[in-house]
Amino acid sequence: MFSLRQFSFAAAFLATAFPVAAQEPVDLDAVTVIRDQGFHHSQVMDLAWHLTEAVGPRLTGSPQSLVAHEWAQATFEEWGLEAWIEEYDFGRSWAMDRVQVRMVSPYVQPLEALPEAWSAGTEGPVRGRVVRATLESEEDLEKWAGQLEGAIVLLEGEKTPEQIDAALFERWDGERLQNLEMYDIPSERGGNWRKRMLKRFEFWPKLAAFYETEGVIATIEPSSRDNGVVRLSGSSLKRDPTVPVGVPALAMATEQYNRLVRLLDNGIEPELEIDVDVQFFEGGKGINTLGEIPGTDLADQIVMVGAHLDSWHAGTGATDDGGNCGVVMEALRILHATGLKPRRTIRAALWSGEEQGFLGSRDYIARHFATRPEPSDPDQLALPIWAREATWPIEPLPGFLELSAYFNIDYGAGRIRGLYAQENAAAVPIFEAWLTPLTDLGADHVTMETAGGTDHLSFDRVGLPGFQFIQDDMDYSRTHHSNVDTYDHLSREDMMQSAVIVAAVIWQAANRDEPMPRKPMPTKPEKTESN
């Protein structure tokens, strides 16, 4: 570990010694052979198929997650690349083996419902009457005490489904892309949401005990997507083996959930039969798979590219984010197959734990690049890692200056349209130059806007250059975290386009004379009343 003072001097030296060139050089010969390999010898769909349908859903810590990461490592090695796995402590993990939900009264009909991650099982089929009850406070528990024995509880009222009155597939059009290039000054975000989350977490053990004491059979919530889609995730709180998992918790297709609510509202009490079989794995490990092409004269410097291999369990995690893991692997295959020799080492990362708060990339950063102290406030420690306030100071490790840039792909399975510069003005002309020979593929936009919600933030938040690709939405808002997040929603042409662009971008980054320019080191924000 070395000090921030040492880093500040080194960063200042790099900034003054290597100013951004007025005209960024672009290796057009390399782009030509990358395009040839990627468009005429592509394996991207085979890779994506294996990571999604052959392996299946990949909740972090589950057996299928391990299969996927080991397969990726073996595939890298078959190509002749160096590859390895890094593990970190994840906590209790889970897998779904069987689920069947049906209404048995007033008539018989199967219902579309799935358990949330870390839900308890039923230990065989169980039947119960349906009750609609709000259970969000201790006052609610007092109100419903003694009334829920043998009940299957609907936790919300009727939900109005969104009517489909527009195209299900969305691409960035000219107007949207132009708007994206206009920088939006970020709004102020207060800390009240953390207080609300902490309150919910503190309430959970009381609610779980209430379920057990009252004899509640299961709880059901409506899907957060409509039109037959079952979208769900799971409470990261339950990864802690000291936290109770409660009773079986399911999400149901909105239209079927609404039917149950309306039957109750009209004086008819439905009866359901639920059969949920799950497995818990204590002391589970999160896994990151790394594969790399060694550099030549600048081999001690690294350009990274990554996507997250973990998924939720409703579908097979194709658009989020198994397809893009196939893109990342294909980009390395393309570069290796062409025989191109990068100056810097090019390293691919297939992360786990992204869905629980970028756990895999956070662990990788803390091992190799920079650390932050653990919070001392018990309230902060009670929150999941992604919800905690940032701690200070950032302590760069010796490898901090070795990373030139990290590029992430995780915004659905649509084709790449450009790059978010993440408020790094010096990166804009560089990216624009790199994209020039790719404009015929539709990738010609660079924005100063910041992208959020995925693993490049682990890099950006400690002062490392981390970037995210702009991608067409397609039907990502519908497939995201749902039972229709499957291979069928991957486009061959879009995947091939993305793999070629990713390969070209990381090649240019690996071969420019200077490392990628960096933004100022993050500093501790001043407290305001809204914080």
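The values are calculated or read from the model by the stated rules, or taken from the named source; none is laboratory data. Computed from a predicted structure; not experimentally measured. Cβ coordinates were reconstructed from backbone atoms using ideal geometry, including for glycine residues, and neighbour counts include every protein chain displayed. Ligands, DNA and RNA are excluded from the accessible area calculation, which covers all protein heavy atoms including side chains. Shrake-Rupley method; radii C 1.70, N 1.55, O 1.52, S 1.80 Å.
Based on the Cβ-Cβ distance from ASP488 to ASP97, what FRET efficiency comes out when R0 is 25 Å, to the nearest 0.05? Could the numbers behind the result be given before it?
On the way: r = 24 Å, r/R0 = 0.95.
E(calc), rounded to 0.05, equals 0.55.
In summary, the lysines within cross-link reach of LYS159, defined as a Cα separation below 24 angstrom excluding same-chain residues under 8 places away, comprise LYS143.
In summary, the lysines within cross-link reach of LYS238, defined as a Cα separation below 17 angstrom excluding same-chain residues under 8 places away, comprise LYS199, LYS206, LYS285.
Using only alpha carbon pairs under 8 Å that are at least six residues apart, calculate the relative contact order of the chain and give it in whole percent. Show your work: numbers first, answer last.
Numbers: 1149 pairs, mean separation 123.6, N = 531.
With pairs under 8 Å counted, the relative contact order is 23 percent.
As an exercise, identify the chymotrypsin sites (Phe, Trp or Tyr not before Pro) in the range 41-79 lying in DSSP coil whose Cβ has no more than 11 other Cβ atoms within 10 Å. Here no loop site has a sparse enough neighbourhood. With the Cα gyration tensor of the chain giving a ≥ b ≥ c as the square roots of its eigenvalues, does the rule (a/c under 1.5 for rounded; else a/b larger than b/c for prolate; else oblate) give rounded, prolate or oblate? Since a/c reaches 1.5 and a/b is larger than b/c, the shape of the chain is classed as prolate.
Multiplying the residue separation of GLU282 and ALA74 by 0.36 nm and removing their Cα-Cα distance gives an extension gain of 72.3 nm.
Taking every DSSP helix (H) stretch of at least 4 residues in the chain, weighting each as -39,500 (n - 2.57) and dividing the sum by the residue count yields a mean residue ellipticity at 222 nm of -9500 deg cm²/dmol.
Multiply the residue gap between GLU170 and THR32 by 0.36 nm, knock off their C-alpha separation, and tell me the result in nm, one decimal place. Walk me through the numbers before you get to the answer.
Details: separation 138, 0.36 × 138 = 49.68 nm, distance 2.95 nm.
Length gained between GLU170 and THR32: 46.7 nm.
Rounded, prolate or oblate: which fits the range 429-529, taking a ≥ b ≥ c as square roots of the Cα gyration tensor eigenvalues, rounded meaning a/c under 1.5, else prolate when a/b beats b/c?
On the way: a/c = 2.42, a/b = 1.20, b/c = 2.01.
The shape class here is oblate.
The residues of the range 403-527 have, on average, 30 Å² of accessible surface per residue, using a 1.4 Å probe with all protein chains present. Which residues in the range 198-226 have a backbone N closer than 18 Å to a point placed 7 Å from the Cα of ASP275 along the Cα-to-Cβ line? Output list for this probe position: 218.
Element breakdown for the range 392-531 at a 1.4 angstrom probe: carbon and sulfur atoms account for 51% of the accessible area. Taken per residue, the accessible surface of the range 270-371 reaches 23 Å², heavy atoms only and a 1.4 Å probe.
Computed over protein heavy atoms with a 1.4 Å probe, the carbon and sulfur contribution to the accessible area of the range 243-372 reaches 49%. Take ARG512: with every protein chain present and a 1.4 Å probe, its accessible area is about 20 Å². Near PRO515: Cβ cut-off under 12 Å, other residues only, Lys/Arg at +1 and Asp/Glu at -1. The net charge is 0. Computed from the Cβ-Cβ distance with R0 of 25 Å, the FRET efficiency linking THR134 to SER224 stands at 0.90. Contact order, relative form, for the range 194-249: 43 percent (alpha carbon pairs under 8 Å, 6 or more residues apart, mean separation divided by residue count). Under the simplified labelling scheme, the THR439-ARG194 pair shows an inter-label distance of 4.5 nm, with each label point 7 Å from Cα along Cα→Cβ.
Kindly report the accessible area of the range 15-151 per residue (heavy atoms of protein chains, probe 1.4 Å, no ligands, DNA or RNA), in Å². If you can, show how the numbers build up before the last one.
On the way: 6930 Å² over 137 residues.
That works out to 51 Å² per residue.
Backbone geometry of the range 154-161 corresponds, through the Karplus equation with coefficients 6.51, -1.76 and 1.60 at θ = phi - 60°, to 3J(HN,Hα) couplings of 7, 8, 10, x, 5, 10, 7, x Hz, x marking Gly and Pro.
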